[in-house]
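Worksheet for the structure shown next.
The values are calculated or read from the model by the stated rules, or taken from the named source; none is laboratory data. Please read all numbers here as calculations on a predicted model, not as lab measurements. As a convention, Cβ positions derive from the backbone with ideal geometry for all residues, glycine included, and neighbour counts pool all protein chains shown. When the accessible area is computed, the model is the full protein with side chains, heavy atoms only, and any ligands, DNA or RNA have been set aside. Shrake-Rupley method; radii C 1.70, N 1.55, O 1.52, S 1.80 Å.
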Amino acid sequence: MMDLNSKSPDGPIETRWERHRFHLKLVNPANKRKYTIIMVGSGLAGGSAAASLAELGYHVKCFCFQDSPRRAHSIAAQGGINAAKNYHNDGDSIYRLFYDTVKGGDFRARESNVYRLAQVSVNIIDQCVAQGVPFAREYSGYLDNRSFGGAQVSRTFYARGQTGQQLLLGAYQALERQVGAGQVAMYPRTEMLDLIVIDGRARGIVTRDLKTGKIESHLADAVVLGTGGYGNVFYLSTNAKGSNATAIWRAHKRGALFANPCFTQIHPTCIPVSGDYQSKLTLMSESLRNDGRVWVPKKKGDKREPNQIPEDERDYYLERKYPSFGNLVPRDVASRNAKAVCDEGRGVGESGLAVYLDFRDAIKRLGVHTIKERYGNLFDMYQRITGEDPYQVPMRIYPAIHYTMGGLWVDYNLMSTIPGLYVIGEANFSDHGANRLGASALMQGLADGYFVLPNTIGDYLASGRFEKVDASHAAVREAEAKVASTVKRLLGANGTRSVDSFHRELGKLMWDYCGMARNATGLASALDQIPALREQFWRDVRIIGTGEELNQSLEKAGRVADFFELAELMCLDALERNESCGGHFREEYQTPDGEAARDDEHYSYAAAWEFTGVGNLPVLHKEPLVFEYVHPSQRSYK
C-alpha cells in the first residue's frame, strides 16, 4: 500500500500555512532563471500561476488547446468569487469561510487545505482589484457582496453575471505581460497527450499541434497541470465542448493517483434539456437564487401557465423545508430536491423535468432597474435561448452536471504522487470535499495560481539536481511513440459511427447510473456496459480526415477514449463508497427525511486510485481525513 503523505502541517490551524512556508526551501532569485516550468492550461489557475511564476523569474512554457488563453472555460463562470473580507459586517471571518467550506463539502476535505484557502481568499480580491477587475460596487464606492448557497453571510464579490470573464482578463493581462517580457513562451492550439517521466520525476510533456498534427516533446524541470475538470464525461454538461480530462488522465496512467472520481457536482440552476439534438447545457448563475424564488405547483400534473397559478397553490419547497437557508441551500441539496419534486410528477414545462425560478416578488420589491443591474446579462441570455422573458414569466430550471470535486491527488504543496508534477485548480481534488459551495471554484483556482504554487514549487526545485535531458532520451522517444500509436489506431478504426454518437451513449449511461442519484444495482450495470461500449468504440468509430491537419473529429476521439476509461473508475469509486455524502448520493444510504447519510466510521478518507492497466482493477489507497476543528455532524440547513 502506497503511503499517502499529505505533508499537512500540524499545530494551530491559524498559523499552519505561515509556518509551513517558512520551512520550505527557497530558490535564490538569480537561480530562478535557470529553471523551466511547463504549465498546461491557461485558465484562472493556469494563467495566474504562469504569470506569477514568470514574475518570480522562472522560464515558463504555457500550453492551451484554445486559440487564446482568453477562451479558457474559466470565462464561463458567472456568479462570483468568495472571500472572507466581512465588508458587510455581518459576522463573516476566515474561520467562518473555513467552517462553511468543510461543512458544505460534507466533511470529506482536508482541514489544512481548506483553512489556507480561506486565508488566501482575502489576498485574491486585493490582487484582482489592483489588476483593474471591475467588481460591482455599492453607491459609496466600496466593493459590493452578495450571498451564495451554503452560507448565511454575504461574501461573494462579483462583476454582474460575468465574474469569470473579468477575473480571467486580469490573469490574462498579467500573463501577456510576461509573454512580452520573454519570460513565458505561449503555445496555443497545442494539446498535451502524454506526460514524460524520467527517473521517477515529471520532466516534460508530449503534445500535438492541433493545426498541423505535429507530435513533439517539451522538456522542463517541473510540470504543472491546470486543465480543469472532467464533467464532459456526461456529454451534456455546462462545460465548454472542448473541456476534457485527457491531460490528467494520461498523467494518471503514468502513475499519478486519481482521488474521489465519483465526487461530481450537479448545479441546480441550468436551462433544462430541450431535445436530443443538444450538445451542451447552459448555466444560470447560482446568484439568481438571491432574488429568485424556487417553486412548483402543489398539484401533480398542473399544466397551467405559471402566472395563472395562485400563490396558495404554489409550493416554495426549499423555503418550506429549509427555513434557515431557504433558496440558498448548497447545490447538492437544491439539486436533489428539484429531482424529488419532478419525480413526484410536479415538474413543469413540456418534459416535466424543470422547476420555476421566479423573480416576480423581487421585481415588485426592488424594481426592474435593480434586477437588470444585478443580472441583466443572465436574463438576456435566458431570453435568447428559450424565447421567454424572465422579467414577465418565471425561468424554468433543472439540475445539470457542472463541476468535479474529484481530480488528481495532491499533497499540501499541490504535488501529485509523481515528484515534479503539480496539479492546480479544478484538476486536483484538494479543497471542496464531496460538494463545492458556489463561488469557490474561482477562489481555489486563483488561490492555487497566485499564492500557493509560487511558494511551494521552489521547495521541490531547490531539493535536488536536475540532469539535462533532451529529445533523444529513451523515455521521451517511448512517450512520443505511444502518442503516435494511439493517433494511428484511432484513424485506422475506419468504422461506421461518429465520435459524438459514442460520447452521447456513454454520457446517458453515466447520467442514468452515476448522476444525481446512484445505487449498487445501477452502478454494477454501468460497470458491465461501459467496457463493452469502449471495445465497440475502438472497433467501430469513424474519423474522417488525417492526422496531419486540423481534425476536430480526431481531437474528440482521443478525449472520448479517455472518458471511457475514466467513467469506469468513477462508477467503481461510487460503488465502493457505501455512503452518501455531498454530490455522491447513494439511494441506499439516506436519512429518514431524504438527506445524505454519511458513514464516518468507514469512509472518512480520500479515495486515491492507482492505475494498473486498461481493463484491470485499479488499486485503492486511502488518505484518512482527520477533523480537529470542524467536527463531522449531520449537515443541517433547516
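Some observations on this one:
- Residue under evaluation Val27, criteria (1) hydrophobic (A, V, I, L, M, F, W, C); (2) in contact (Cβ under 8 Å) with a residue 12 or more places away in the chain; (3) assigned to a helix (DSSP H, G or I), criterion not met: (3)
- Contact map, the stretch 163-190: first residue among the charged types (D, E, K, R), second residue in a loop (DSSP other than H, G, I, E, B), Cβ cut-off under 7 Å, separation 6 or more or different chains; pairs are Arg189/Phe65; Arg189/Asp67; Arg189/Leu210; Arg189/Lys211.
- Tally of residues being open to solvent by 10 Å² or more (accessible area, probe 1.4 Å), under 20 Å from His267 (Cα atoms) and assigned to a helix (DSSP H, G or I) across the stretch 505-527: 5
- Helices (runs of 4 or more DSSP H) enclosed by the stretch 274-386 - at least 2 residues per element that are touching a residue at least 12 places away in the same chain (Cβ under 8 Å), more than 24 Å from the chain's Cα centre (by Cα) and closer than 28 Å to Gly164 by Cα: 360-366, 368-386
- Scanning the stretch 67-91 for residues that are within 23 Å of Ala181 (Cβ to Cβ), assigned to a loop (DSSP other than H, G, I, E, B) and not acidic (Asp, Glu) yields Ser68, Ala72.
- Those residues of the stretch 80-93 which are free of Cβ contacts under 8 Å to residues at least 60 places away in the same chain and closer than 25 Å to Arg110 by Cβ, in sequence order: Ser93
- Residue within the stretch 46-66 that is in contact (Cβ under 8 Å) with a residue 24 or more places away in the chain, part of a loop (DSSP other than H, G, I, E, B) and among the charged types (D, E, K, R) present: no
- Test for Leu421: is it open to solvent by less than 10 Å² (accessible area, probe 1.4 Å), of a type in the set (A, V, I, L, M, F, W, C) and touching a Phe, Trp or Tyr at 6+ places or on another chain (Cβ under 6 Å): no
- Ala354 being in contact with a strand residue (DSSP E or B) (Cβ under 8 Å, 6 or more places away or on another chain) and either under 27 Å from Ser440 (Cβ atoms) or open to solvent by 20 Å² or more (accessible area, probe 1.4 Å) (or both): yes
- Residues of the stretch 528-545 that turn out to be open to solvent by less than 50 Å² (accessible area, probe 1.4 Å), farther than 16 Å from Gly492 by Cβ and free of Cβ contacts under 8 Å to residues at least 60 places away in the same chain, as a count: 3
- Among the residues of the stretch 372-390, not one is open to solvent by less than 80 Å² (accessible area, probe 1.4 Å), modelled with pLDDT under 95 and among the acidic types (Asp, Glu).
- Among all residues of the stretch 224-233, there is none that is part of a loop (DSSP other than H, G, I, E, B) and over 18 Å from Ala45 (Cβ atoms).
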